[in-house]
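The block underneath contains the structure these notes are about, expressed in structure tokens.
The values are calculated or read from the model by the stated rules, or taken from the named source; none is laboratory data. Just so it is clear, the model here is predicted, and its values are computed rather than measured. Note that each Cβ is placed from the backbone with ideal geometry, even for glycine, and that neighbours are counted across all protein chains shown. The protein model used for the area step is the full one, side chains on, heavy atoms only, and it has no ligands, DNA or RNA in it. Shrake-Rupley method; radii C 1.70, N 1.55, O 1.52, S 1.80 Å.
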Amino acid sequence: MMVRNAQNRRTIALGGFMGVGKTTVGKLVATALDMPFVDLDAQIERYTKRSVADLFSSVGELSFRAMEAMVLNDVLDGPPVVLALGGGTLHKKGNAMLLRRCADVVVLEVAWPIVQQRLNHSKERRPLE
């Protein structure tokens with residue numbers, strides 16, 4: 001599967017630990033490239049009508065990761081987007097292999113003290129804190 005649009009673009013997938021700025025950077029890149037932005041966690045929440053934190057606590061990480069892989073496949077089957085991945089998406093071998101084939105993957109990194117500061121100031125409840 002090679003995801004392309006009329007301008008011969010591929011999906012751009014942004015990975016990295018929670019709090020590194022995948023969503024913020026993704027929105028900026030999407031605007032700059034005039035591409036749609038998709039947040040994988042938000043897509044999962046939209047499909048399940050439950051928060052990621054709730055899914056983690058109620059069905060566990062393994063079941064959550066299976067749902068995440070399914071939603072990721074759905075997104076990659078569509079038109080090219082700028083995609084903010086969940087913090088653990090790339091840790092599942094199947095996801096990483098699929099993304100290598102179907103998208104340009106960029107992993108964001110920031111210094112650990114910055115991540116801690118962002119997570120401490122975030123109103124969002126993160127599943128692995």
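Observations on the structure shown:
- Oblate is the label for segment 56-117, because a/c, from the alpha-carbon gyration tensor with a ≥ b ≥ c as root eigenvalues, is 1.5 or above and a/b does not exceed b/c.
- Between the Cα long axis of helix 93-102 and the first principal axis of the chain there is an angle of about 30°, rounded to the nearest 10.
- Check: the chain dipole with +1 on Lys, Arg Cβ and -1 on Asp, Glu Cβ, in debye: 140
- Here the ratio of the Cα radius of gyration of the chain to 2.2 N^0.38 Å is 1.03.
- Each residue, Leu28 and Arg10, gets one label point 7 Å from its Cα in the Cβ direction; the gap between the two is 2.3 nm.
- Carbon/sulfur fraction of accessible area - the chain, other protein chains in place, 1.4 Å, %: 55
- Over the chain, accessible surface divided per residue gives 58 Å², non-protein components excluded, 1.4 Å probe.
- Crossing angle, helix 22-33 versus the chain [Cα axis fit, 0-90 degrees, rounded to tens]: 20
- Relative contact order [Cα under 8 Å, 6+ residues apart], the chain, whole percent: 46
- Paramagnetic label zone (point 7 Å from Cα along Cα-to-C-beta, Asp77; backbone N under 14 Å) in segment 47-62: none
- Computed on protein heavy atoms with a 1.4 Å probe, the accessible areas place Asp34, Asp74 in the order Asp34, Asp74, largest first.
- Only protein heavy atoms count here; under a 1.4 Å probe, Ser51 has an accessible surface of about 50 Å².
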